[in-house]
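Undergrad: The structure under discussion is supplied below as structure tokens; questions concerning it will follow.
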Amino acid sequence: SNPAIASYANRFQNSLPKEFRVCQTERLVGQIESSDAVLFGDFHTLPESQKAFFEVLKRTYEAAPSRPIAVALEIFAAADQSHIDEYLSGRLPEEYFLKRIDYHNKWGFPWENYRPIVEFCVRNKIPIHGINHQTSSKDRLSKRDAFAAEIINRIHAEGPGTLVLCLI
């Protein structure tokens with residue numbers, strides 16, 4: 001319903017390749033288990049993207065429940081980490097959490113698509129890290145990526161052996 005999001009979705013759809021290769025989930029999870037960090041492309045306007053990440057997160061958690069996992073999400077600004085932590089701990093109801101982080105203005109894509117990921121992390125005590133960084137410079141994307149990489153490196157430094165699943 002938002003014209004900017006509709007335009008983004010149209011540009012994205014037009015950029016997709018015409019052919020895809022199927023990857024079996026079990027094979028993917030097997031490769032993830034031997035990784036330190038996984039960057040999972042989030043095509044924000046496609047709910048299937050968030051559903052696929054959620055499925056990979058669940059299957060990875062079930063396959064290796066003793067391995068520490070952290071989730072890094074582009075949907076949250078790193079500056080809002082204290083609010084994210086409050087929400088994850090149960091001290092902040094969802095409605096107030098979304099208002100405090102100004103979710104609908106800062107991100108704008110449907111919360112309903114991301115909620116299952118966040119709820120799974122809450123239930124299973126999986127930490128979530130905001131990795132987004134707002135910048136208005138001309139090399140905005142490269143600065144945001146470098147910022148996200150710093151956070152992922154910090155997660156590893158604080159918890160060696162932690163698998164970081166990143167939706168970006």
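Only the coordinates and a few stated rules stand behind these numbers; no lab work does. Remember, it's a predicted structure, so these values are computed and weren't measured experimentally.
Undergrad: By a straight-distance test (C-alpha under 23 Å), which lysines pair with residue 99 as possible cross-link partners, with residues fewer than eight away in the same chain excluded?
TA: By straight Cα distance, residue 99 reaches 125.
Undergrad: Now for a separate question. At 222 nm, what helix-only mean residue ellipticity would the chain give, in deg cm²/dmol to the nearest 500, using -39500 (n - 2.57) for each DSSP H run of four or more?
TA: -16500 deg cm²/dmol
Undergrad: Consider just the alpha-carbon atoms of the chain and return their Rg together with their Dmax, both in angstrom.
TA: Values for the chain (Cα only, Rg and Dmax): 16.1, 46 Å.
Undergrad: Give me the percent of Cα-Cα pairs in segment 29-126 that sit more than 21 Å apart, rounded to a whole number.
TA: Of all Cα-Cα pairs in segment 29-126, 34 percent lie more than 21 Å apart.
Undergrad: Using each residue's phi in segment 111-123, evaluate 6.51 cos²θ - 1.76 cosθ + 1.60 at θ = phi - 60° and report the 3J(HN,Hα) Karplus result to the nearest Hz, with x for Gly and Pro.
TA: 4, 4, 6, 9, 3, x, 5, 5, 4, 4, 5, 4, 4
Undergrad: Over segment 79-168, what relative contact order in percent results from Cα pairs under 8 Å that are six or more residues apart?
TA: 25
Undergrad: By how many nm would the segment from residue 35 to residue 149 lengthen if fully extended, with 0.36 nm per residue of separation less the alpha-carbon distance?
TA: Here the segment from residue 35 to residue 149 would lengthen by 39.5 nm.
Undergrad: Scattering from the C-alpha atoms of segment 1-69 alone, worked out with Debye: what is log10 I(q)/I(0) at q = 0.19, 0.22 1/Å?
TA: -0.86, -1.00
Undergrad: I've got another one for you. Please go through the residue pairs 51/106; 106/143; 18/106 and name each one whose alpha carbons sit more than 26 Å apart in this structure.
TA: Beyond 26 Å: 18/106.
Undergrad: Expressed as a fraction of 2.2 N^0.38 Å, the rule-of-thumb size for a compact globular protein of N residues, what is the C-alpha radius of gyration of segment 82-168?
TA: For segment 82-168, the normalised Cα radius of gyration is 1.16.
Undergrad: Please tell me the relative contact order of segment 1-124 in percent, rounded to the nearest whole number, where contacts are Cα pairs under 8 Å and at least six residues apart.
TA: 26
Undergrad: While we're here: Could you pull out every residue, at least 5 positions away or on a different chain, whose amide H is within less than 5 Å of the one on residue 69? Hs are placed 1.01 Å off N in the peptide plane, and Pro or chain starts have none.
TA: 163
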